[in-house]
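Down below is the structure, laid out as structure tokens.
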Amino acid sequence: MSIAVRAAALSLIVTLGLLILKLTLGLISGSIAVLSDALDSGEDLLAAAAALFSVRIAARPADWEHPYGHGKAEGLSATVSAGVVGLGGGFIIYQALRRIIDGGETIDVNLGLAAMVTSGLLNVVVSAYMRMAARRTDSLALSAEARHLQTNVVQAAAVIVGLLLVRFTGAEVFDPLVALGLAGYMWWMAFGLIRGALGEIMDVRLPEEDESQIYQSILVRHPEVRGFHHLRTRRSGRLRYIELHLLVDPARTIQEVHDLSDQIEADIKKRLPGAIVTIHPEPDDGRYRGPMERIER
């Protein structure tokens with residue numbers, strides 16, 4: 001089992017346990033904030049299941065019907081995470097406003113605190129593991145799930161503060177007010193998640209720092225390389241796709257140009273693991289008049 005699959009499975013198991021705990025104690029305590037967080041755990045369960053499914057699909061090698069692999073499955077998983085977070089935020093707003101307007105039963109603060117302290121500690125541990133796994137595997141789905149779990153830590157802390165305010169002031173209105181704040185935070189996180197996911201699905205170019213590494217790989221080959229153009233980059237799951245046209249001395253042999261292209265490709269892959277590089281060499285005979293990056297001789 002790969003580290004990505006292990007991380008996604010761990011997130012699913014922990015989320016299921018927290019859902020049962022918070023739902024049970026939230027119903028007993030009567031806290032709308034704890035119940036709201038339990039609802040969010042239900043959404044987390046769907047998102048964790050989507051993350052587990054997507055990393056298993058994305059790990060499949062390219063085949064006849066999917067020559068570019070299955071990496072975009074991770075972008076779809078991040079979209080699912082954003083959707084469930086956003087829907088959960090809307091439901092929490094409804095419940096919180098209903099509690100403020102209609103009032104509600106007395107809150108058992110101790111049970112609510114027990115649920116949220118446990119939730120916060122577990123989410124700190126699991127989110128740290130997910131971040132580590134996301135960095136090691138360069139997985140968009142795990143990165144989105146790690147950010148999602150980080151929101152749970154903030155949510156738990158906010159609910160704990162709200163429950164403590166209820167205990168020390170006796171004003172139970174703090175409970176739904178905290179829930180409203182959590183809903184706003186969830187919507188903000190959902191927007192960030194879906195923006196990142198849609199960027200990959202729509203084949204947005206690689207970040208500037210990644211493209212800078214490509215430039216450096218080419219620049220170190222001066223004066224063998226005279227320039228390049230038509231640089232196109234995109235990401236699909238853990239893979240980066242890079243295409244460019246390379247301008248070389250027309251007097252060079254095919255074998256020399258082939259070896260040069262291989263050296264540049266290897267250097268790019270060393271700087272950007274998981275890169276799929278396609279280089280089209282062209283003679284620098286002065287006929288190309290389009291935009292390009294020329295290396296001064």
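The values are calculated or read from the model by the stated rules, or taken from the named source; none is laboratory data. These numbers come from a predicted model, not from an experiment. Counting neighbours? That spans all protein chains shown, and the Cβs are built from the backbone with ideal geometry, glycine included.
So if I check each of Gly227, Gly196, which one is among the small types (Gly, Ala, Ser), in contact (Cβ under 8 Å) with a residue 40 or more places away in the chain, over 30 Å from Val85 (Cα atoms) and surrounded by 15 or more Cβ atoms within 10 Å (Cβ to Cβ)?
On the way: Gly196 fails: over 30 Å from Val85 (Cα atoms).
From the options Gly227, Gly196, the qualifying one is Gly227.
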Those residues of the stretch 103-144 that are at pLDDT below 75 and more than 27 Å from Ser81 (Cβ to Cβ) come to a total of 6
Of all residues in the stretch 104-131 being within 15 Å of the chain's Cα centre (by Cα) and free of Cβ contacts under 8 Å to residues at least 40 places away in the same chain, which is farthest from Gly196 (Cα to Cα)? Ala128
List, please: which pairs have Cβ atoms under 6 Å, are six or more places apart or on different chains, and start with a residue in the stretch 160-175 that is over 19 Å from Gln95 (Cα atoms) and end with one that is among the aliphatic types (A, V, I, L, M) and part of a helix (DSSP H, G or I)? Arg167/Val109
Restricting the stretch 215-238 to residues that are under 22 Å from Gly196 (Cα atoms) and out of contact with any strand residue (DSSP E or B) (no Cβ under 6 Å at 6 or more places or on another chain), the one modelled with the highest pLDDT turns out to be Arg235
When you go through Val124, Val173 one by one, which is the residue that is more than 20 Å from Ile20 (Cα to Cα), outside the structural domain of Arg240 (by TED's automatic domain parsing) and surrounded by fewer than 22 Cβ atoms within 10 Å (Cβ to Cβ)? Val173
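Just checking, how many residues over the stretch 205-236 are of a type in the set (A, V, I, L, M) and more than 17 Å from Leu272 (Cα to Cα)? Lay out the reasoning, then the answer.
The initial filter retains those residues of the stretch 205-236 that are of a type in the set (A, V, I, L, M), namely 206, 214, 218-220, 225, 231.
Cutting the leftovers down to more than 17 Å from Leu272 (Cα to Cα) gives us 225.
Looking only at that region, the number is 1.
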